[in-house]
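Heads up, the thing below is written out as structure tokens.
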Amino acid sequence: MIRTNAPVFKTTSVSAALIKVAMPGLCFVTMTTILLSTSFAQTSADHLNQSLLAASCANCHGTDGKPASPAVMPALSEQKPEDLLAQLLAYRNGTQAGTIMPQIAKGYSEEQLKAIAQYLGKK
Ligand code: HEC
């Protein structure tokens, strides 16, 4: 069925002029808000991702890289992120020997090891 009484929107010339003036500003505010909230969400997601990856190290190295007995287990939280990454990459590519770390490091991509090292390393 064809509607014959569909509403027709008419804009007066005053409101049309107002819209022309206000729209660029509104668009700017909206876009800025969207961009800011997106980058905030991105940061939180990255942080969550890093903490989830690093959680698998907690069984042995302690929560956030702080072991219960630092004399027995290396305290990852006391080392610089770049030093942690260098060791993890060495375990991964086989240039550094270990009992368990070579197998563990091979389970992660280079980007994941970087994220873990940044999360656990000394701030
Ligand atoms: C099953 C226990 C276990 C888990 C899980 C574990 N590690 Fe280890 N880690 C060790 C042991 C044991 C060593 C000593 C080297 C070896 O024997 O492999 C070590 C050594 C290291 C070292 C070298 C530290 C130093 O100062 O010599 C780094 C870095 C490291 N681990 C990072 C990690 C990270 C990152 C994770 C999580 C992705 C992780 N480890 C998970 C047991 C573990």
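Read-outs throughout are calculated quantities, based only on the coordinates presented, and are distinct from any laboratory measurement. Quick caveat, the model's predicted, so the values are computed rather than measured. In this analysis, Cβ positions are derived from the backbone assuming ideal geometry, glycine residues included, and neighbour counts consider all displayed protein chains.
Observations on the structure shown:
- Residues within region 66-81 that are closer than 12 Å to residue 120 by Cβ and either touching a His at 6+ places or on another chain (Cβ under 8 Å) or more than 8 Å from the ligand (Cβ to nearest atom) (or both), tallied: 9
- Condition broken by residue 56, with the remaining ones in (1) among the small types (Gly, Ala, Ser); (2) touching a residue at least 60 places away in the same chain (Cβ under 8 Å); (3) within 7 Å of the ligand (Cβ to nearest atom) satisfied: (2)
- Listing of helices (runs of 4 or more DSSP H) fully contained in region 76-123 that carry 3 or more residues being under 28 Å from residue 44 (Cα atoms): 81-93, 110-120
- Considering each residue of region 65-73 in turn, none proves to be over 16 Å from residue 50 (Cβ atoms) and assigned to a helix (DSSP H, G or I).
- Taken over region 65-89, the criterion of being among the basic types (Lys, Arg) and over 21 Å from the mean Cα position of the chain (by Cα) is satisfied by 66 alone.
- Condition check for residue 115: more than 9 Å from the ligand (Cβ to nearest atom), surrounded by fewer than 19 Cβ atoms within 10 Å (Cβ to Cβ) and of a type in the set (A, V, I, L, M, F, W, C): no
- Selection from region 56-90 of residues that are hydrophobic (A, V, I, L, M, F, W, C) and more than 16 Å from residue 109 (Cα to Cα): 58, 60, 68, 71, 72, 73, 75, 76
- Of residues in region 50-73 being among the polar types (S, T, N, Q) and touching a helix residue (DSSP H, G or I) at 6+ places or on another chain (Cβ under 7 Å), the one surrounded by the fewest Cβ atoms within 10 Å (Cβ to Cβ): 51
- Filtering region 84-95 to residues that are of a type outside the set (Lys, Arg) and more than 8 Å from the ligand (Cβ to nearest atom) leaves 85, 86, 89, 90, 93, 94, 95.
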